[in-house]
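A short write-up of the structure that comes next.
The values are calculated or read from the model by the stated rules, or taken from the named source; none is laboratory data. All values reported here derive from a predicted model rather than from experimental measurement. Here the Cβ positions follow ideal geometry from the backbone for every residue, glycine too, while neighbour counts run over all protein chains shown.
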Amino acid sequence: MATAIKLVEPAQNEFLADLEKRSNRPNRFFRAMANRPEVLKHFVPLYGSILGPGSVDRRAGYCTAAHVASAGRAGVTEEEMRALQAEQDGGFIAPERAAIECAGELTRTADGAQTRYALNGHYNDERIVEITLIAALANFTNRFNNGLDLAPEQ
């Protein structure tokens, strides 16, 4: 899928080159963001700190459109992935369902008020903030990709 913007080549940006070297593959998201090099430089540590190791089980932190492979590495089964995509229960335990519902509400309405209360029964404040950060970051990256017509990495 072609984009209307120029994707920066790693040879043009040392930071981008290092990112792609470490991941051993091209990344359209970072190549597009490299049009604003300072934003890319500051975004990567933020992204890593939000999606890096945390106190919440990583099974709850994946966008089904773009992160099928990483969800699998986090322990989400193919059956569970299909259930997420169909917005069905999928056999998730109550805390996972609460996190999924809250992330879905944040995505649909940008307001987690209706489902945030359910998180309180399963998670402490640190984990609720972490779940909200993960959902917000997924929404940011999805809107960036969709707004620039960037297809998910294969």
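Pairs meeting the criteria (first residue in region 15-31 and acidic (Asp, Glu), second residue in a helix (DSSP H, G or I) and surrounded by 17 or more Cβ atoms within 10 Å (Cβ to Cβ), beta carbons under 9 Å, at least 6 apart or on different chains) are Asp18/Pro10; Glu20/Pro10; Glu20/Phe30; Glu20/Arg31.
So which residues in region 11-29 are of a type outside the set (A, V, I, L, M), assigned to a helix (DSSP H, G or I) and either over 19 Å from Gly147 (Cβ atoms) or within 14 Å of the chain's Cα centre (by Cα) (or both), if there are any at all? Steps first, please.
At the first step, the residues of region 11-29 found to be of a type outside the set (A, V, I, L, M) are 12-15, 18, 20-29.
Next, only the ones that are assigned to a helix (DSSP H, G or I) stay: 12, 14-15, 18, 20-23, 28-29.
Of everything in region 11-29, those that are of a type outside the set (A, V, I, L, M), assigned to a helix (DSSP H, G or I) and either over 19 Å from Gly147 (Cβ atoms) or within 14 Å of the chain's Cα centre (by Cα) (or both) turn out to be Gln12, Glu14, Phe15, Asp18, Glu20, Lys21, Arg22, Ser23, Phe29.
Screening Ile93 on (1) among the β-branched types (Val, Ile, Thr); (2) under 25 Å from Leu46 (Cβ atoms); (3) modelled with pLDDT of 85 or more shows it passes everything except condition (2).
Conditions (1) more than 14 Å from the chain's Cα centre (by Cα); (2) under 28 Å from Arg127 (Cβ atoms); (3) modelled with pLDDT of 90 or more, marked per residue:
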{"residue": "Val44", "(1), (2), (3)": "no, yes, yes"}
{"residue": "Ser55", "(1), (2), (3)": "yes, yes, no"}
{"residue": "Ala65", "(1), (2), (3)": "no, yes, no"}
{"residue": "Val76", "(1), (2), (3)": "yes, yes, no"}
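Take the conditions (1) over 30 Å from Ile5 (Cβ atoms); (2) under 17 Å from the mean Cα position of the chain (by Cα); (3) modelled with pLDDT of 85 or more; Gly121 misses just one of them, which is (2). Among the residues of region 117-147, count how many are out of contact with any Asp or Glu (no Cβ under 8 Å at 6 or more places or on another chain), surrounded by 17 or more Cβ atoms within 10 Å (Cβ to Cβ) and not acidic (Asp, Glu). Residues flagged as out of contact with any Asp or Glu (no Cβ under 8 Å at 6 or more places or on another chain), surrounded by 17 or more Cβ atoms within 10 Å (Cβ to Cβ) and not acidic (Asp, Glu) within region 117-147 amount to 13.
Per-residue answers, yes or no, for (1) touching a residue at least 24 places away in the same chain (Cβ under 8 Å); (2) in contact with a strand residue (DSSP E or B) (Cβ under 9 Å, 6 or more places away or on another chain); (3) within 30 Å of Asn24 (Cβ to Cβ):
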{"residue": "Ala94", "(1), (2), (3)": "yes, no, no"}
{"residue": "Arg97", "(1), (2), (3)": "no, no, no"}
{"residue": "Leu106", "(1), (2), (3)": "yes, no, no"}
{"residue": "Asp111", "(1), (2), (3)": "no, no, no"}
{"residue": "Asn120", "(1), (2), (3)": "no, no, no"}
{"residue": "Ala138", "(1), (2), (3)": "yes, no, yes"}
{"residue": "Thr141", "(1), (2), (3)": "yes, no, yes"}
{"residue": "Phe144", "(1), (2), (3)": "yes, no, yes"}
{"residue": "Gly147", "(1), (2), (3)": "no, no, yes"}
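Within region 78-95, the set of residues being within 15 Å of Arg127 (Cβ to Cβ) and surrounded by fewer than 18 Cβ atoms within 10 Å (Cβ to Cβ) comprises Ile93, Ala94.
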